[in-house]
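The structure under discussion appears below in the form of structure tokens.
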Amino acid sequence: MLASGGSRKRQSWKQRAATFLVLEFGYFPNGIQAPAFSRPGRMPLEKIVSEIGMKLAEMDAVLAECASKVGLNAKAMDHPLMGPFSIVQWRKFHLRHGLHHLKQIERLKRSMPGAARADNHSL
């Protein structure tokens, strides 16, 4: 998309509704499968933890480059399910998506044996 100056597609009404729910309310519906390359278990946890900061910085650089070419509010790249997003929308999506996963991680931590004892020692 970047080489062509952004997305030429238009969102359907369903894509616009989904975008609104996700970006404005942080609602991620159940039953939607993540792309195979991004599913858990494909990379060791240690590698994920050690590389996440670098990967976020790389993503930020790509979004900044796109913004310099097409602007912050022009539809820059397509989300696979929700259609074209602007850079502002991509940033908000990644924030909401990250917060969604943090909630999942917290639920998993609480369900682990010894979780209550470990929580008593946290800051």
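Just so it is clear, none of the values below were taken in a lab; they were calculated from the coordinates. In this text, all values refer to a predicted model and were calculated from it rather than measured experimentally. Please note: Cβ atoms are built from the backbone with ideal geometry, for glycine as well, and neighbour counts cover all protein chains shown.
How large is log10 I(q)/I(0) at q = 0.10, 0.20, 0.22 Å⁻¹ when the Debye formula is applied to the Cα atoms of the chain, each weighted equally and without solvent? The computed values of log10 I(q)/I(0) come out as -0.42, -1.29, -1.41. With loop defined by DSSP as not H, G, I, E or B, and exposure as at most 16 other Cβ atoms within 10 Å, which is the longest segment of the chain clear of exposed trypsin sites (Lys or Arg not before Pro)? Counting at most 16 other Cβ atoms within 10 Å as exposed, the longest clean stretch of the chain is 43-123.
Helical runs (DSSP H, four residues minimum) scored at -39500 (n - 2.57) apiece and divided by the length of the chain put the mean residue ellipticity at 222 nm at -19000 deg cm²/dmol. Pairwise Cα separations in segment 8-69 fall into 5 Å bins from 0 onward with the following percentages, short to long: 3, 13, 11, 16, 23, 21, 10, 3, 0.
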